[in-house]
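Written out below as structure tokens is the structure these notes cover.
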Amino acid sequence: MKMKLWIIPLVMLITVCSTTPSGTRPLTSPITNPATSSTDNSDSMMTLDQALKEAAVRIDERLTARTKIAPLNFNSPHDKFSGYVLDEVTANLVDSRKLTVVDRKEIDLIRGEFDFQFSGEVGDDSMQALGRMLGAQSIISGSLTDMGGFYRIVIRVLNVQNASVEVQYRANIASDTVTAALLTGGKTAVVAVPQRTSTPQTPVTQNPVPTPAPATQPDPVPTPTTYKVGDTGPAGGIVFFDKGYVSDGWQYLEAASRDALTAHWGPHLNGTREGIGTGKQNTEIIVRTDDTGTAAHRCREYRQGGYNDWFLPSKDELNLMYQNLKQKGLGIFSNVWYWSSSGYYSSNAYCHHFGDGRQTWNSNGNTYAVRPIRAF
């Protein structure tokens, strides 16, 4: 009987210890609040790249297809870290091909014009205003907080019209070498070089021969020519856009002085973009995909002023041409539809009517006017 009295408490003890309390969850499982579209990974630890990829997936899941989104601001101690975060989120969203992501070059242009800093505290009102200027429906912002031993990253998506939070993602990231390098601007430790214990003797040359001076002086660097909208460009066309600075090898866009006949848009394909600075790449994509005779081929084959680097303008570049030239009575344009190089799904493409200013998409089998442009 004594043996049985000891067995009962032992069984009870084992049962209590093996029972998991209600509400306990693994440390690595995120909490999702469907009402606010907020994901909290604060109990798990991940690398910066893992967090940014997961944030992009969360944004992709929550927003409807073809939403135009602009990665605008990330608050961190260093511009390099902020730029890295925005670039990686952008790249991940572009790879999914569900949303329309505003090109960072276009954002940089607006930032330069309005002295908008991407790494400091920026009010929601300012970001909403910039988002509207970019034609975006949603904007991305975020922040980094030093938690002592690790960092807390927050990325959120705001609706441009009403400032409501559409997506909010939170995670803890490890304080590893990559994070540290970005937060210090990529600086690395300086390794001390041991000093020599003895100074070597420098051999003495008898009657050293002096180095002759160069016979000619180098030519002075020519001062670059500046242009303004409406000026005649290097190829004899009309300048219709000034970025304000040189990046990726160009600052200005120049429209050809005449149309390159008419053509159909061409192939059924995806991968083209709409922003300023994307027309040249769009043209290359179309030309590589389809046979001759398309609007892109018309521009690739166009020649004026000794230049052969013409391309079909993107949707936004075509709109700039209409606003800065046609509406101001500069250049000769027909009151007809003009093709852009920006496709819309696989069987349509964007076009612009230079009579009434309408910009829409139509079947890429239609034949419209073509006006080549070039960047310089």
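The values are calculated or read from the model by the stated rules, or taken from the named source; none is laboratory data. Keep in mind the model is a prediction, meaning the values are calculated, not measured. Backbone-built Cβ (ideal geometry, glycine too); neighbour counts: all protein chains shown.
Condition test on TYR307, is it closer than 23 Å to ASP103 by Cα and of a type outside the set (Asp, Glu)? Spelling it out, it is not the case that TYR307 is closer than 23 Å to ASP103 by Cα and of a type outside the set (Asp, Glu).
Mind listing whichever residues of the stretch 258-300 are at pLDDT 90 or above and among the small types (Gly, Ala, Ser)?
Correct list: ALA263, GLY275, GLY277, GLY279, ALA295, ALA296.
Here THR188 fulfils each of the conditions (1) at pLDDT below 80; (2) closer than 18 Å to GLN50 by Cα apart from (2).
Filtered by the rule that a residue be touching a residue at least 24 places away in the same chain (Cβ under 8 Å) and in a loop (DSSP other than H, G, I, E, B), the stretch 347-376 gives SER347, PHE354, GLY357, ASN364, GLY365, ASN366, VAL370, ARG371, PRO372, PHE376. For the stretch 278-316, residues that are assigned to a loop (DSSP other than H, G, I, E, B) and among the aromatic types (Phe, Trp, Tyr) total 2. When only residues in the stretch 351-372 that are more than 22 Å from VAL229 (Cβ to Cβ) and crowded, with 23+ Cβ neighbours inside 10 Å count, which is modelled with the highest pLDDT? Checked the stretch 351-372; the qualifying residue modelled with the highest pLDDT is CYS351.
Conditions tested, residue by residue: (1) closer than 22 Å to ARG298 by Cα; (2) in contact (Cβ under 8 Å) with a residue 12 or more places away in the chain.
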position: THR226; (1), (2): no, no
position: VAL229; (1), (2): no, yes
position: GLN251; (1), (2): no, yes
position: SER257; (1), (2): yes, yes
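Considering every residue within the stretch 339-346, establish whether at least one is touching a strand residue (DSSP E or B) at 6+ places or on another chain (Cβ under 9 Å), free of Cβ contacts under 8 Å to residues at least 24 places away in the same chain, in a strand (DSSP E or B) and hydroxyl-bearing (Ser, Thr, Tyr). Before you say what the answer is, go through the steps one by one.
Filtering the stretch 339-346 down to residues touching a strand residue (DSSP E or B) at 6+ places or on another chain (Cβ under 9 Å) leaves 339-345.
Checking the rest, the ones that are also free of Cβ contacts under 8 Å to residues at least 24 places away in the same chain come to 344.
Subsequent filtering for residues that are in a strand (DSSP E or B) retains 344.
Right, trim to hydroxyl-bearing (Ser, Thr, Tyr) and you get 344.
The answer is yes, given that some residue of the stretch 339-346 is touching a strand residue (DSSP E or B) at 6+ places or on another chain (Cβ under 9 Å), free of Cβ contacts under 8 Å to residues at least 24 places away in the same chain, in a strand (DSSP E or B) and hydroxyl-bearing (Ser, Thr, Tyr).
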